[in-house]
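The values are calculated or read from the model by the stated rules, or taken from the named source; none is laboratory data. Keep in mind that what you see is a predicted model, and the values were worked out from it rather than measured. Virtual Cβ from ideal backbone geometry, glycine too; neighbours counted across all protein chains shown.
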Amino acid sequence: MKKIKNHYPALLMIVFGLLLWEFFVRLSQVDIWILPAPTDIIQAMVKQYPILLDHTLITLYEALVGFLLAVIVALFLALLIDSFSFFKRGFYPILVASQTIPIIAIAPLLLIWFGYGLLPKIVVVALVCFFPIVLNTIDGLNQADSGLISLLHTMNATKWQIYKKVRFPSALPSLFSGLRIAATYSIMGAVIGEWLGANKGLGIYMKNSSHSFLTAQVFAAILIIVLTSILFFSFLLLLEQKLIPWAKLNQED
Amino acid sequence: MKKIKNHYPALLMIVFGLLLWEFFVRLSQVDIWILPAPTDIIQAMVKQYPILLDHTLITLYEALVGFLLAVIVALFLALLIDSFSFFKRGFYPILVASQTIPIIAIAPLLLIWFGYGLLPKIVVVALVCFFPIVLNTIDGLNQADSGLISLLHTMNATKWQIYKKVRFPSALPSLFSGLRIAATYSIMGAVIGEWLGANKGLGIYMKNSSHSFLTAQVFAAILIIVLTSILFFSFLLLLEQKLIPWAKLNQED
Amino acid sequence: EPPKEKAKPMNIQVMLDWVPNTNHTGLYVAKEKEWYQEQGLNVEIVQPSDGGGAAQMVAAGKAQFGISAQEEVTNARAQQIPIVSIAAIIQHNTSGFASPKEKNITTPKDFEGKNYGGWGAESEKAVIQSVMEKYNADFNKVKFLTVGDADFFTITKRDVDFEWIYYGWTGIDAELRKFPINYIELRQIAPELDYYTPVIITNETYIKEHPDIIKKFMEATSKGYEFAISNPEEAANILLKEVPGMNAELVKASQKWLSKKYQEDAPQWGIQKPEVWSNYAKWMADHKLIPSMIDVNKAFTNDFLPKK
Amino acid sequence: MTTFKLELQHVYKEYPLQNGSFKTLEDISMQIEKGEFVSIIGPSGSGKSTLFNLISGLDSPTKGDILLDGQSIKNKKGFVSYMPQKDHLLPWRTVLDNVILGMEIKGIPKETARKKALEHLDVFGLASFANEYPSALSGGMRQRAALLRTILLDNNVLLLDEPFGALDEITRMKMQHWLLEIWEKYHHTILFVTHSIDEAVYLSDRVYVFSHRPARVKEIVEIDLPRPRDPSIITGENFSRLKERLLTLLAKE
Amino acid sequence: MTTFKLELQHVYKEYPLQNGSFKTLEDISMQIEKGEFVSIIGPSGSGKSTLFNLISGLDSPTKGDILLDGQSIKNKKGFVSYMPQKDHLLPWRTVLDNVILGMEIKGIPKETARKKALEHLDVFGLASFANEYPSALSGGMRQRAALLRTILLDNNVLLLDEPFGALDEITRMKMQHWLLEIWEKYHHTILFVTHSIDEAVYLSDRVYVFSHRPARVKEIVEIDLPRPRDPSIITGENFSRLKERLLTLLAKE
Ligand SMILES: Nc1ncnc2c1ncn2[C@@H]1O[C@H](COP(=O)(O)OP(=O)(O)OP(=O)(O)O)[C@@H](O)[C@H]1O
Ligand SMILES: Nc1ncnc2c1ncn2[C@@H]1O[C@H](COP(=O)(O)OP(=O)(O)OP(=O)(O)O)[C@@H](O)[C@H]1O
Ligand SMILES: O=C([O-])O
Ligand SMILES: [Mg+2]
Ligand SMILES: [Mg+2]
């Protein structure tokens, strides 16, 4: 709870940063289309509120569905890779490879395969998100105390029981690290997905605003992306603390 | 060593995948400018070998420098955040925020701040890479056994000594998870950086090839990106096994 | 005329070349006024990625129509990619070289010693080289900076002296901002470079299999552009309504300017002339921008424009 | 030829080390009849825990065989209940859920298992800690929880590795008493490692004395004291004689 | 008023639990003179380890004060050498580097520290394991390494929490002998927790008997046996009398 409660330092730093930004823009007279001041951004946000909401909902939908898809695929893959050393050796390089390909470079292929609907965006989100989850889950499963595993072996526990009772619980902190990283990337992933070809969503809104030199609107969209992402991240942090109550006692200092 | 040695399953799967791809392309008669067959890609690669090498070296340079910058910044930040709860509460949301901003959206700002040279690409790589390292390092530092830390406290160890002798070593596996994720993203990060504006590098090569509908060349560049990224990843895996010899003994099964 | 039987509307995708702008107004007007609907077409307008992609999508049959440019079509034809231009959206090339007034760049001769900011394509260099040679200027004295997607106003803040712009968008914006610029229109200094940009494309197979649909599509599209020509103010409002996040002032001013440019001196909106296609293809071949000359008669057609 | 409940036939065990390998067990043979209570004493580091790892199937002997009821159980798990020297409580389970672990793995429904365990918690002095996590337990309490978990696993053969090492003498006596009661009631066969000669004599039918590493069976001492045994026999002459004998055997090492 | 080497004044300690909090230590007072060897015995879970945590500054008493040479060391670390009940060896350090940990923290150069440690490894039966990681040690060997680490920390006051709990009687006697030697030579003040009444009587000048939780000092038993003590005194009458007395006190709990 420590991380969630007591937001004052974060708020303080953010407010301080915003003030600095505002003053910098006002004093240095940077053009508004290069760097709008926070107040300009808020203004744009208020003015465009209904349109923004519309696009935000679409982007969030893509991000959430893509994230969930990523979680499912990632856990499945992590289990597969962890269980069968054949898959470990075979899939690992392929997993890594999947992350090294710049998505923009294969945009036409994605469009050809998945069309223009929500699917390619969801696929992009899932592509961006599943990797940190897989990697962290595998690492977490490997970090399980070998003594505990041995104990279960002596009880003739099945592989699945060892997963359920030892390796999953001890992989949880690591898994959550991965989920948090993925959550961070999910909304950005949806925006990039929209960039590949779409007609709605925050990505499209930003792009159009940017080409109309309405930088304050671009920043308004960025602000929404940042805020919703942080919300998502914080939610996972809370969930983690709910699901790992025993960690509280160990982490006093 | 297990992960590195014995590549046969990976090779097998890759070879199998490539064959499937080749046959699919040949049989379904997909146009070469949509999806070139592996042999087309190899051909393009061989033909363009000197040009590709040129661009690759630049991209690798950007990726490596950006990665190193990210490691330095990340370790510094992780330490700062871990040491001072004020920073933890203050920086954490800002870190997360930094990752949720689609880089393309702020490309003009990056240009204005960092110009057209290598710097903005290095900055993009660092931006993409530092986050998983910070997050994993912080999580790793928190996973240190509280009993070991208490022991050092009774010896009146300084904060720094506790870091050096307990918290760093126990954070190493987690740190390396982060480094591997970052390495995976580093070369792709450089390519995206080049996309935003550059004269040279694989990103530019891909973009120009794509404009000329030379899809085989685009895939040749992707192949190079994938291979060098996997190399980088594997190198870190090897380094990890060198630096964490005690883990070998614990991970028998 | 209303369709004879209530057939399900045909789903059609049009992929743009760039972010929506006043070049695309006719499409949005036709969509908003339900002129496509009347033709039995259900049209979806899709924005492309930064890497472009409309040509690929259309060639692959994943979009029936796309917005492209003569250069791209020529390039594609040179790679045996079967796309065909079916209308010129703007009759003449409205692009040119812009620079902040204080840089004093009024002729290609002044490019010497200056920094050019572009997207890094070979054709850009060839164009600049051509026009400079006409003015006996030394092409090697220009420094090329690749600035990618960044816009004129941003890059001229930082080292870049001049850029290639569409006057109908960036030029108008400069007027609105009261940002004084010098502008050298390309077609004025190099008539052979008065090529069509943008154009509407489809692919050869589609032409063979669905000429009727193409006709219907172009019928409504023409009507859309004709509306934009005669009612720029209302057309601008339609575009603003259909596309999120645009700058209303800019759209309206741009629309007003472009309304006179869509058709300009042509007998009908959309008409393409063979010599424009062959001149430009020849120029590209001469400058080694394409491996060999293409058959221009296959690259474009006026057949689908409504008969007037 | 009689079949024994548990029989070790010429068991050898070598471990690899950083520099070379070395022998831990050398030619260990043991015959244990059904219902016997047999203890092993020997120098620290001689190989007692290693032997238990072999019998429980966690590790495999370099040479030799291990028979249960005449059948080889070499490398087979789940035939004996093993309480390792370290308690290995799962940090994410409450005390109650830790002690029912073995039952759960056997497929006994959680509620049934909990009910059965609750009956015993009181005797073990753990009743008021049923719902606490292990981090709130003292060293001795952890050990008692681990012992209860082992007993509840309900196998015929119990391997107990210093189960009472962390208990004060009074609690230890209570536990010893309770263990003998259970043993007599359920006719367990028990193999017991202890460092306390008193304990070995008081509990066992027979004591195997191990030599220094590599461990060999140095001597087998029959404990011919009548049963049931009262704690008062500790002061008796026979008891002292046996104790003396064992002490001498160990001291000679 | 005399100042004692170590003095506890009315120390109380309460712990929070899942459901409510409870008292662990209730009004503990102790006076220990310089050079004394004092043992604590008490039921498992009474609060002995808790008391050591308070003296070593790891935890703070709910009430009361702790004085060293008349100065409060409540909440202050580094004034006493503490060997916790768990060995807490660092898995990433070899045995040799584990035992010099305290010296290193005091700033002694690694080489000097290693040299000094190597002199003692033999007595502790760890010489041939100097360069192994702790995972290769038996339970008793780990405990011996932890003890050596504590002694080498070189403070005047030693807190030893069941240092010989995992040792066989012979090794234990050897270690006891060695500890008394060290104690006499360096005039340490030792506070010693054990479960073995024999051990407490054999080693101590005085034994504090703790009650059940919440722990109170139930009785202080002076061990008026002459020093130096020979192992043979265990069979003497005075020894048996004292032993009987302590057993009775504990049994009454
Ligand atoms: N972190 C904690 N949170 C809650 N309760 C605790 C905590 N640590 C110890 N306790 C409780 O305090 C009491 C005393 O524990 P302590 O470890 O001091 O006992 P002990 O006398 O050392 O026992 P043993 O001889 O078994 O080691 C126990 O009941 C234990 O459950
Ligand atoms: N995983 C391992 N790798 C290498 N050596 C090991 C390993 N496990 C145990 N050993 C060695 O085997 C020997 C026997 O260890 P074991 O734990 O069986 O001793 P033990 O008799 O149980 O001792 P204790 O009474 O101290 O618990 C020790 O010397 C130990 O160092
Ligand atoms: O593609 C990007 O990650 O911006
Ligand atoms: Mg052992
Ligand atoms: Mg204790």
**Study point:** Condition met for A:Ile225 (within 29 Å of A:Val30 (Cα to Cα), modelled with pLDDT of 90 or more and not polar (S, T, N, Q))
**Key:** yes
Exercise for review: Please go through the stretch D:106-157 and pick out each residue that is aromatic (Phe, Trp, Tyr) and under 22 Å from D:Thr189 (Cα atoms).
Suggested key: D:Phe124
Study note, to complete from the structure: Sole miss for A:Leu151 among (1) assigned to a helix (DSSP H, G or I); (2) aliphatic (A, V, I, L, M); (3) within 7 Å of another protein chain (Cβ to nearest Cβ); (4) in contact with a helix residue (DSSP H, G or I) (Cβ under 6 Å, 6 or more places away or on another chain) is condition (4)
**Study point:** Within the stretch D:1-103, strands (runs of 3 or more DSSP E) holding 2 or more residues that are surrounded by fewer than 17 Cβ atoms within 10 Å (Cβ to Cβ) and either within 16 Å of ligand 3 (Cβ to nearest atom) or more than 17 Å from the chain's Cα centre (by Cα) (or both)
**Key:** D:6-16, D:21-32, D:63-68
Review point. Any idea which residue in the stretch E:178-203 is farthest from the chain's Cα centre (by Cα), counting only those that are among the polar types (S, T, N, Q) and within 26 Å of E:Pro61 (Cα to Cα)?
Key: E:Thr189
Review point. Within the stretch D:113-121, is even one residue in contact with a strand residue (DSSP E or B) (Cβ under 9 Å, 6 or more places away or on another chain), away from chain E (no Cβ under 14 Å) and either surrounded by 15 or more Cβ atoms within 10 Å (Cβ to Cβ) or touching a residue at least 60 places away in the same chain (Cβ under 8 Å) (or both)?
Key: no
Check your understanding: Does D:Ser29 meet the test of being over 30 Å from E:Ala130 (Cα atoms), touching a residue at least 24 places away in the same chain (Cβ under 8 Å) and of a type in the set (S, T, N, Q)?
Key -> yes
Exercise for review: Look at C:Glu242 and say whether it is modelled with pLDDT under 95 and more than 18 Å from the chain's Cα centre (by Cα).
Suggested key: yes
Practice item. Taking D:Asp97 as the residue in question, decide whether it is over 19 Å from D:Val157 (Cα atoms) and charged (D, E, K, R). Key: yes
Practice item. Could you please let me know if E:Pro228 is surrounded by fewer than 19 Cβ atoms within 10 Å (Cβ to Cβ) and assigned to a loop (DSSP other than H, G, I, E, B)? Key: yes
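Yes/no per residue for (1) touching a residue at least 60 places away in the same chain (Cβ under 8 Å); (2) under 24 Å from A:Ala144 (Cβ atoms); (3) within 13 Å of chain E (Cβ to nearest Cβ); (4) within 16 Å of ligand 4 (Cβ to nearest atom):
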position: D:Val99; (1), (2), (3), (4): no, yes, no, no
position: D:Glu132; (1), (2), (3), (4): no, yes, yes, no
position: D:Gly140; (1), (2), (3), (4): no, no, yes, no
position: D:Asn155; (1), (2), (3), (4): yes, no, no, no
position: D:Asp161; (1), (2), (3), (4): yes, yes, yes, yes
position: D:Asp168; (1), (2), (3), (4): no, no, yes, no
Check your understanding: Among the residues of the stretch B:190-224, which ones are among the β-branched types (Val, Ile, Thr) and touching a residue at least 40 places away in the same chain (Cβ under 8 Å)?
Key -> B:Val191, B:Ile192, B:Ile204, B:Thr215, B:Ile224
Check your understanding: Is at least one residue of the stretch D:23-30 more than 16 Å from ligand 5 (Cβ to nearest atom), under 20 Å from D:Val201 (Cα atoms), at pLDDT 90 or above and more than 12 Å from chain E (Cβ to nearest Cβ)?
Key -> yes
Check your understanding: If you go through the stretch C:132-150, how many residues are out of contact with any strand residue (DSSP E or B) (no Cβ under 6 Å at 6 or more places or on another chain) and buried (at least 21 other Cβ atoms within 10 Å of the Cβ)?
Key -> 4
Review point. Tell me, which residue of the stretch B:95-110 that is within 13 Å of A:Ser210 (Cβ to Cβ) and more than 12 Å from ligand 3 (Cβ to nearest atom) is surrounded by the most Cβ atoms within 10 Å (Cβ to Cβ)?
Key: B:Pro108
Check your understanding: Picking from A:Ala107, A:Ala74, A:Ala78, which residue would you name as being aliphatic (A, V, I, L, M) and within 8 Å of another protein chain (Cβ to nearest Cβ)?
Key -> A:Ala107
Point to revise | Near pairs, Cβ below 6 angstrom, 6+ apart or cross-chain, from the stretch C:165-179 (within 11 Å of chain A (Cβ to nearest Cβ)) to any residue that is crowded, with 21+ Cβ neighbours inside 10 Å and modelled with pLDDT under 90 | key: C:Thr170/C:Phe152
Revision key, fill the gap. In the stretch A:104-119, residues that are outside any helix (DSSP H, G or I) and either more than 22 Å from the chain's Cα centre (by Cα) or in contact (Cβ under 8 Å) with a residue 60 or more places away in the chain (or both) total 2
Review point. When you go through C:Lys282, C:Lys273, C:Lys261, C:Lys298 one by one, which is the residue that is loosely packed, with under 14 Cβ neighbours inside 10 Å and out of contact with any Asp or Glu (no Cβ under 6 Å at 6 or more places or on another chain)?
Key: C:Lys298
Study note, to complete from the structure: Of the residues in the stretch D:143-170 that are more than 24 Å from D:Gly57 (Cβ to Cβ) and not in a helix (DSSP H, G or I), the one that is farthest from ligand 2 (Cβ to nearest atom) is D:Asp168
Point to revise | Residues located in the stretch C:52-65, provided they are of a type in the set (Gly, Ala, Ser) and either touching a Pro at 6+ places or on another chain (Cβ under 7 Å) or at pLDDT 95 or above (or both) | key: C:Gly53, C:Ala54, C:Ala59
Review point. Can you find even one residue in the stretch B:183-190 that is within 11 Å of chain E (Cβ to nearest Cβ) and β-branched (Val, Ile, Thr)?
Key: no
